[in-house]
Amino acid sequence: MKNISIAIHGGAGTILKEYMTPDKEEAYKSALQNALDKGYQLLKNGGSAVDAVAKSVSELEDNPLFNAGKGSVFTAEGTHEMDASIMDGKTLHAGAVSAISGVKNPVLLSELVMNKSEHVFLTGKGAEEFAREMKCEFCDTEYFYDKFRYQQWQELKGSDQFKLDHSTKNEQKFGTVGAVALDKFGNIAAATSTGGMTNKKFGRVGDSPMIGAGNYANNATCAVSCTGSGEFFIRAVVAYDVSCLMEYKRMSLTDACREVVQRRLPKIGGDGGLIAIDSKGNIALEFNTKGMYRGRRNSHGINEVAIYSS
């Protein structure tokens, strides 16, 4: 078998160990493994890296444990506004959507933007109109309702506060989802999806749908999917910065990811993490929080999921 690899994340920052029960930990690990396996199986059967990351991310979107798709958090208005993006490292084609509601799998809509439109980024009602033209699956508000997410919102409702799931002030930590992959043709891709932040106002958009900030892929360097404090990831252009360090400073994937996450982000106050892959199948899972829901699998026998840093 030709070299294939895939990595996924379910958000940087985790439930603190003292609040994690064995059953809850098993639920997260099982969900991560399922998403990892679905993407890997597609690669094994000759599927593209783009198809694999879309598959893995859509599986995570369907699981309410994660802040994307079905598990998206509530906005200040009590709605769900979701963001997603995808990028093909072979062609540098990309698709992204933001502030959309009702679409069951935002990542699949972003893939349609990439493949079926002449645009890269669609937002709000226009993106939803395009989704209907593409016959995407829509779900009613009841599908997106989650009791825990609702309680999170009730704690902040009516205030000017908002909450990132991985915030150090939050004992219950969940987050953005993403995947990166290498297919048997030597192509790489990345996808990212999120429900944003609890009680967010003004149509706030984070880094997840922004090509170069929260998501990026280029066969010449790497594919990256980020999770963390979106405003900082946007300002640091994190995903593209990793690629730049590899291209212009000739850094390895591991060194480039470490430089960005452990040195550059903290300098401006940013926390979070990323997953990345290069065209040789090397994988980096880098984060500066206490943990990151993550997994990786390749054709050399590696198959693992993890939550904490140790």
Given a Förster distance of 35 angstrom, what is the FRET efficiency for residue 18 paired with residue 142, based on the Cβ-Cβ distance and rounded to 0.05?
-> 0.55
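Looking at the chain, what % of its DSSP beta bridges pair antiparallel, to the nearest 5?
Antiparallel bridges make up about 90 percent of those DSSP assigns within the chain.
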For peptides 128-137, 272-281, sequence by mean Cβ density within 10 Å, most packed first = 272-281, 128-137
From the Cα gyration tensor of region 46-138, with a ≥ b ≥ c the square roots of its eigenvalues, which class applies: rounded if a/c is under 1.5, or else prolate if a/b is larger than b/c, or else oblate?
-> oblate
Between residue 255 and residue 119, 0.36 nm times their residue separation minus their Cα-Cα distance comes to what?
-> 45.6 nm
Give the distance, in whole Å, between the Cα centre of region 100-120 and the Cα centre of region 296-310.
-> 29 Å
Among 254, 277, 131, pick out the residue whose Cα is farthest towards the positive end of the charge dipole of the chain, where Lys and Arg carry +1 and Asp and Glu carry -1 on C-beta, about the Cα centre.
-> 254
Scalar couplings 3J(HN,Hα) for region 236-249 by Karplus 6.51 cos²θ - 1.76 cosθ + 1.60 (θ = phi - 60°), nearest whole Hz, x for Gly and Pro, are 8, 6, 4, 4, 6, 4, 4, 4, 4, 4, 6, 6, 9, 9
Rounded to whole Hz, the Karplus (6.51, -1.76, 1.60) HN-Hα couplings of region 109-115, x for glycine and proline = 5, 4, 5, 5, 4, 5, 8
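In this model, which of 135/200; 104/135; 38/135; 55/280; 38/116 are farther than 19 Å apart at the alpha-carbon? Intermediate results must be reported in sequence, preceding the final value.
Values: 135/200 29 Å; 104/135 12 Å; 38/135 23 Å; 55/280 21 Å; 38/116 24 Å.
From the list (135/200; 104/135; 38/135; 55/280; 38/116), the Cα-Cα distance tops 19 Å for 135/200; 38/135; 55/280; 38/116.
Can you tell me which of 217-228, 283-294 comes out highest on packing, and rank the rest after it, using the mean Cβ neighbours within 10 Å?
Final packing ranking: 217-228, 283-294.
What relative contact order, as a whole-number percentage, does the chain give when Cα pairs under 8 Å and 6 or more residues apart are counted? Write down the numbers at each step before the final one.
On the way: 859 pairs, mean separation 79.3, N = 310.
Averaging sequence separation for qualifying contacts and normalising by length gives 26 percent for the chain.
Need the full-extension length gain, residue 280 to residue 220, defined as separation in residues times 0.36 nm minus the C-alpha distance. One decimal, nm.
Numbers: separation 60, 0.36 × 60 = 21.60 nm, distance 1.05 nm.
Contour length minus Cα-Cα distance gives 20.6 nm.
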Grab the Cα-Cα distance for residue 134 and residue 25, subtract it from 0.36 nm times how many residues apart they are, and report the gain in nm with one decimal.
-> 35.5 nm
Whole-Hz couplings from phi, Karplus 6.51/-1.76/1.60, listed for region 14-25; x for Gly and Pro | 9, 4, 4, 4, 6, 9, 8, 8, x, 5, 5, 4
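Values quoted throughout were computed directly from the atomic coordinates according to the rules given, and no laboratory measurement underlies them. These numbers come from a predicted model, not from an experiment. Glycine gets a Cβ as well: all are built from the backbone with ideal geometry, and neighbour counts include every protein chain shown.
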